[in-house]
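Have a look at this one.
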Amino acid sequence: MIIPLRRTRTILTGALASGTLASSLFIPFHASAADGVTANEAKGMGISTQWRGSRGLVTKGADGKVIFLYGEVQPSVVCSPLQVCDIELQGGEVVRDVLVGDTVRWKVEPATSGAAGGQAIHLIVKPSEPGLVTSMVVTTSRRTYHIQLKSHSTQYMARVGFEYPEDVSTKLADINARLEASTIPGAGIPAEQLNFSYSVSGRAGWRPTRVYSDGLKTYIQFPRSISGQDAPVLFVTSGGQNRIVNYRMKGDMMVVDYHVDRAVLVSGVGWRQEKVTIRRGGR
């Protein structure tokens, strides 16, 4: 695979004296009419300078990888002559183009890792000498990277990667889904703390999918289709008698405000009547 490197006009933002990295402090851009720069141009350059010079979140990944949060600031990658910097992109991302400001003293070569269909592109960056500063733009099938490249006589970042905001959102969604799955609807407590030893008998389209208790309340969950229908009436059986008790519906969940041992759900009248019996412990 060959990724074209296009040469653009090199803009040096300042040499690195004696091989020492320059400070990354933000220096506001100031311009006057004598500079031939309009107010909007000065404002735009100030915004760009702030984005390029701000300190972003940098964390340590696996195997010493330096992780930048994509899009937060312009990442600055430090490389060194006779060493290689490995910039790893997201798995499955297809590189369209690579543009480097200084194509004479900087070399960028592609490499890949991973199985077909989910391969990750690696950009192997090598400077020819220390004290260089240039920029690189990488366009892919998913996003555009704007990266600053610096060279140092001895120090360098061996591995560089990115954390993507959408990946963070996906991870949080997965965590929330697992938490939701481990917490039964209505009860608000972990499933292992609930009593599911209830049997349900009878034939009805709205027959409960499960019944459980937290020791204080009883929860009767129906198929989701019941949400748009009239819920059955609940009778609690005690001393051989059926009596109506207070309960409330929350979507497809019937919540009874105390522990139920035996109950009957009834819907309809006459020959259309449907009945389902609930027993704790199958008694």
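If you go through the range 187-224, how many residues are out of contact with any Phe, Trp or Tyr (no Cβ under 7 Å at 6 or more places or on another chain), at pLDDT below 80 and of a type outside the set (D, E, K, R)?
The total comes to 5.
Considering the range 199-235 alone, what residues qualify as being in contact with an Asp or Glu (Cβ under 8 Å, 6 or more places away or on another chain) and surrounded by 11 or more Cβ atoms within 10 Å (Cβ to Cβ)?
Answer for the range 199-235, where residues must be in contact with an Asp or Glu (Cβ under 8 Å, 6 or more places away or on another chain) and surrounded by 11 or more Cβ atoms within 10 Å (Cβ to Cβ): Gly202, Ala204, Gly205, Trp206, Lys217, Gln221, Phe222, Pro223, Ile226, Ser227, Pro232.
From the residues in the range 137-154 that are in a strand (DSSP E or B) and within 24 Å of Leu82 (Cβ to Cβ), which one is farthest from the chain's Cα centre (by Cα)?
Ser151
Which of the following residues is touching a residue at least 12 places away in the same chain (Cβ under 8 Å) and farther than 20 Å from Arg52 by Cα: Ser135, Ser141?
Selected residue: Ser141, the only one of Ser135, Ser141 that is touching a residue at least 12 places away in the same chain (Cβ under 8 Å) and farther than 20 Å from Arg52 by Cα.
Restricting attention to the range 243-254, does a residue exist that is under 40 Å from the mean Cα position of the chain (by Cα), assigned to a strand (DSSP E or B) and at pLDDT 90 or above?
For the range 243-254, residues under 40 Å from the mean Cα position of the chain (by Cα), assigned to a strand (DSSP E or B) and at pLDDT 90 or above: present.
Within the range 75-121, which strands (runs of 3 or more DSSP E) (wholly inside it) include 2 or more residues that are touching a Phe, Trp or Tyr at 6+ places or on another chain (Cβ under 6 Å) and touching a residue at least 24 places away in the same chain (Cβ under 8 Å)?
76-79
Would you pick out the residues in the range 151-167 that are farther than 17 Å from Ile67 by Cα and either crowded, with 20+ Cβ neighbours inside 10 Å or acidic (Asp, Glu) (or both)?
Ser151, His152
To continue, here is another question. Enumerate the pairs (first residue in the range 238-263 and surrounded by 13 or more Cβ atoms within 10 Å (Cβ to Cβ) and among the polar types (S, T, N, Q); second residue anywhere and assigned to a strand (DSSP E or B) and at pLDDT 85 or above) with beta-carbon separation below 8 Å, excluding pairs fewer than 6 apart on the same chain, so at least 6 apart or on different chains.
Ser238/Arg262; Asn242/Phe235; Asn242/Val236; Asn242/Val264
How many residues does the range 53-69 hold that are in a helix (DSSP H, G or I) and either in contact (Cβ under 8 Å) with a residue 12 or more places away in the chain or surrounded by 10 or more Cβ atoms within 10 Å (Cβ to Cβ) (or both)?
3
The values are calculated or read from the model by the stated rules, or taken from the named source; none is laboratory data. All figures in this text were calculated on a predicted structure; none of them were measured in a lab. Note: ideal-geometry Cβ built from the backbone for every residue, glycine included; neighbour counts use all protein chains shown.
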